[in-house]
Amino acid sequence: STSFFSQKPKSELVRTSLRLLTSSAYRLQSECKKTLPVETCPTTDIQLVTQQVIQCAYDIAKAAKQLVTITTKENNN
């Protein structure tokens, strides 16, 4: 995720957004795996998993929007 930046981001907001993006992507992957036949156990609550997937996707979109906003402002300065 940090490959978009040539060096370690100086902005704490950028670092926070990147952390949210990365952690949300891992969570999304983990939640999606729970829906696979191999991973699914009889007690898997698909409705709960679906809600978690939606929340992860929302967090990813939020982090991406923050990064776009930050980089656009920095590039315009």
Neighbourhood net charge (10 Å Cβ-Cβ; Lys/Arg +1, Asp/Glu -1) for Gln55:
-1
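Using a simple charge model, +1 on the beta-carbon of Lys and Arg, -1 on the beta-carbon of Asp and Glu, nothing else, what dipole does the chain show about its Cα centre, in debye to the nearest 20?
Charge dipole, the chain, about its Cα centre: 320 debye, nearest 20.
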Hey, can you rank 50-57, 67-74, 34-41 by average C-beta count inside 10 Å, highest first?
50-57, 67-74, 34-41
In terms of Cα to Cα distance under 15 Å, which aspartates and glutamates are near enough to Lys33, apart from those fewer than 8 places away along the same chain?
Asp45
Residue list for the stretch 38-65, given a label point 7 angstrom along the Cα-to-Cβ vector of Leu13 and an amide N cut-off under 14 Å:
63-65
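Can you pull the percent of the chain's accessible area that's carbon plus sulfur, 1.4 Å probe, other chains left in place? List each step's numbers first, then the result.
Details: 3440 of 5860 Å².
In the chain, the share of accessible area belonging to carbon and sulfur is 59 percent.
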Whole percent per 10 Å bin, from 0 to the bin with the longest distance: what is P(r) over all C-alpha pairs of the chain?
18, 40, 22, 15, 5, 0
Return the calculated 222 nm mean residue ellipticity for the chain, to the nearest 500 deg cm²/dmol, obtained by summing -39500 (n - 2.57) across DSSP H runs with n ≥ 4 and dividing by the residue count.
-24500 deg cm²/dmol
In sequence order, calculated HN-Hα J values of the stretch 49-64 (Karplus, 6.51, -1.76, 1.60; Hz; x Gly/Pro)
4, 4, 4, 5, 4, 4, 5, 4, 4, 4, 4, 5, 5, 4, 5, 5
For the stretch 12-75: accessible area per residue (Å², 1.4 Å):
70 Å²
Would you work out which of Asn77, Ser24, Gln52 lies farthest towards the positive end of the dipole of the chain? Charges go on Cβ: Lys and Arg +1, Asp and Glu -1.
Asn77
Step through the residues of the stretch 17-32 one at a time and calculate ³J(HN,Hα) from phi using the Karplus curve (6.51 cos²θ - 1.76 cosθ + 1.60, θ = phi - 60°), rounding each to whole Hz and writing x for Gly and Pro.
5, 5, 5, 4, 4, 5, 5, 5, 5, 5, 4, 4, 4, 4, 5, 5
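The values are calculated or read from the model by the stated rules, or taken from the named source; none is laboratory data. Nothing here was measured: the structure is a model prediction, and the numbers come from that model. Cβ: placed from backbone, ideal geometry, glycine included. Neighbour counts: every protein chain shown. Remember, those area values only see protein heavy atoms, side chains included, never the ligands or the DNA or RNA. Shrake-Rupley method; radii C 1.70, N 1.55, O 1.52, S 1.80 Å.
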